[in-house]
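Notes to accompany the following structure.
Every number here is computed from the coordinates shown, using simple stated rules; none is lab data. Here the structure is a predicted model, which means the values were calculated and not measured. We place every Cβ from the backbone using ideal geometry, glycine too, and count neighbours over all the protein chains shown.
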Amino acid sequence: MSSFDQQQEAIKRQFSSAPPASPVVSCPKGALTEQEANQWFDDFKCREQIPWDYPQDCCYNRAHVMARELQAVGVDVGKVWNYAPPSVFGNGLRVSTPHASRGYVEWTYHVAPTVPVVDPQGKVSRLVLDPSMTNGPITPDQWKALQGQPLSKLVSTDATPYYRDPSGRVFPAPTDHEVAQIFDRHREKRDDIRAEMKRNDTG
Amino acid sequence: MPASQPSTGHAGAPMRGPDFVLEKVKSWVERPGANAELLLGDGSLWKLKPGTKIYEAQRAVIEGVIRRNAELFVSGDKQHGLIDRLTDASPLAVQEISSTENSGRYSVAFWGPPSIYHLRMDRPWSTQALPLLRQSATSGASFGSPDLLVAIDPVTLEIVAVRPLASGKGATRH
């Protein structure tokens, strides 16, 4: 055996002939890897035009804009809706937040987009992207639990409804211009709340 | 005329008035080194002192209302032109209103916005607003076809003005 062949054999011995322990999992069409889902989440959260810190309102507009953008790149996006039980008064969803003067907000419902995410074992599950409430993608059950109402009802839909009432009536999205105007109004209200809370903090 | 000054209320303090106006903006004038002037459709003239965070927030609301040709709600002292708080109004329909008064207020949910709002019964507008809100809840009005023009204090979530919406004005959502 020549010295060249010996070197070749030495190199081969550095590598196992056994099948790889963690094969690269193919990502089904329309799904995201965990890394991609985190990247999308971070990308959305950095958008200043979206008022993430206005929890009093706007979830339907935020969900619409995220869903549309994900859809445009081929993601099989859906939406998850969490409804307070009837009657909503006294049974509302309740989320703690530093962005409300009371320290919490109380909702009749909440909505966010969902995306299929494939884990390293190849299992696909739907995760919620909701930068208004969390620091990363979470499961619908985790998302529901954060809203503090065990009797609330979780409903999954495709991305089509802009607004869905508790009885299931759905309403289509307004024009892009109207969507932008809604963000404008909600940023104004967010800034008003911030200014009021600040001036009252400082006396 | 003195300009709008910060209130001394606590965080989440309700609007203080004593005057409450819901009108279109007639003119909005900013001048370097001077108070800005806001003239509303009812002829009331309001002054705002620039250079504060509150001013920046209020200016954004005023300019947004002008851009959308919408109504502006002002709480303040009309005689002296002092603004306490301001906000805009939007077309809405009532999903549900509480059947009874609790601690002097009715709870109200609208189609669309997720928060739970309230109407204080010690407010001068409450006797006019309550039947309108109740009527809306049973009228069949919905997210796509609002029947009320409603102003809401974004800080306290108090309903501060309610008017029937002229038909055909429901295109703009909350």
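Can you pick out the pairs among A:LYS45/B:LYS47; A:LYS144/A:LYS198; A:LYS45/B:LYS24; A:LYS144/B:LYS53; A:LYS45/A:LYS198 whose Cα atoms lie more than 29 Å from each other? Let's see the in-between values first.
Values: A:LYS45/B:LYS47 37 Å; A:LYS144/A:LYS198 31 Å; A:LYS45/B:LYS24 35 Å; A:LYS144/B:LYS53 36 Å; A:LYS45/A:LYS198 23 Å.
As for pairs spanning more than 29 Å Cα to Cα, those are A:LYS45/B:LYS47; A:LYS144/A:LYS198; A:LYS45/B:LYS24; A:LYS144/B:LYS53.
Taking a ≥ b ≥ c as the square roots of the Cα gyration tensor eigenvalues, with a/c under 1.5 meaning rounded and otherwise prolate when a/b beats b/c, else oblate, which class fits the stretch B:9-49? Walk me through the numbers before you get to the answer.
Details: a/c = 3.03, a/b = 1.33, b/c = 2.27.
Oblate, since a/c reaches 1.5 and b/c is not below a/b.
Hey, got the average number of other protein chain Cβ atoms within 10 angstrom for residues in A:180-192?
Details: counts 0, 5, 5, 0, 5, 12, 3, 2, 12, 10, 2, 8, 14.
What the average comes to for A:180-192 is 6.
Please report the projected area of the stretch B:78-174's Cα convex hull averaged over all directions, in nm².
Numbers: hull surface 26.8 nm².
Here the figure is 6.7 nm², rounded to one decimal.
Quantify how strongly other chains surround peptide B:99-106 by giving the mean number of their Cβ atoms within 10 Å of each of its Cβ atoms. Present the calculation step by step, with values, prior to reporting the outcome.
Numbers: counts 2, 1, 0, 2, 0, 0, 0, 1.
Per residue, the average neighbour count from other chains is 1.
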Report, to the nearest 10°, how far helix A:59-72 tilts away from the longest principal axis of the Cα atoms in chain A, using its own Cα long axis and a range of 0 to 90°.
-> 30 degrees
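Would you please name the trypsin sites (Lys or Arg not before Pro) within the stretch A:46-93 that are DSSP coil residues with at most 11 other C-beta atoms within 10 Å of their C-beta?
none
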Could you give the distance between the Cα centres of the stretch B:62-128 and the stretch A:42-99, to the whole Å?
-> 23 Å
Angle, helix B:53-68 long axis vs. longest principal axis of chain B, Cα atoms, 0 to 90°, nearest 10?
-> 60 degrees
Sorted from fewest to most neighbouring beta carbons within 10 Å, what does the list A:CYS46, A:CYS27 look like?
-> A:CYS46, A:CYS27
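Could you put B:LEU148, A:LEU154 in order, starting from the residue whose Cβ has the fewest other Cβ atoms within 10 Å?
A:LEU154, B:LEU148
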How large is the dipole of the stretch B:19-88 about the Cα centre if only Lys and Arg carry +1 and Asp and Glu carry -1, each at its Cβ, rounded to the nearest 20 debye?
-> 200 debye
Helix B:126-138: angle to the longest alpha-carbon principal axis of chain B, degrees 0 to 90, nearest 10?
-> 40 degrees
Which whole-number percent gives the relative contact order of the stretch A:27-102, counting Cα pairs below 8 Å spaced six or more residues apart?
-> 33 percent
Dipole of the stretch A:77-148, Cα-centred, from +1 at each Lys and Arg C-beta and -1 at each Asp and Glu C-beta, to the nearest 20 debye?
-> 60 debye
Looking at the P(r) of the protein assembly as shown, how many percent of alpha-carbon pairs lie beyond 35 Å?
-> 33 percent
What per residue convex hull volume, in Å³, do the alpha-carbon atoms of the stretch A:27-183 yield?
-> 114 Å³
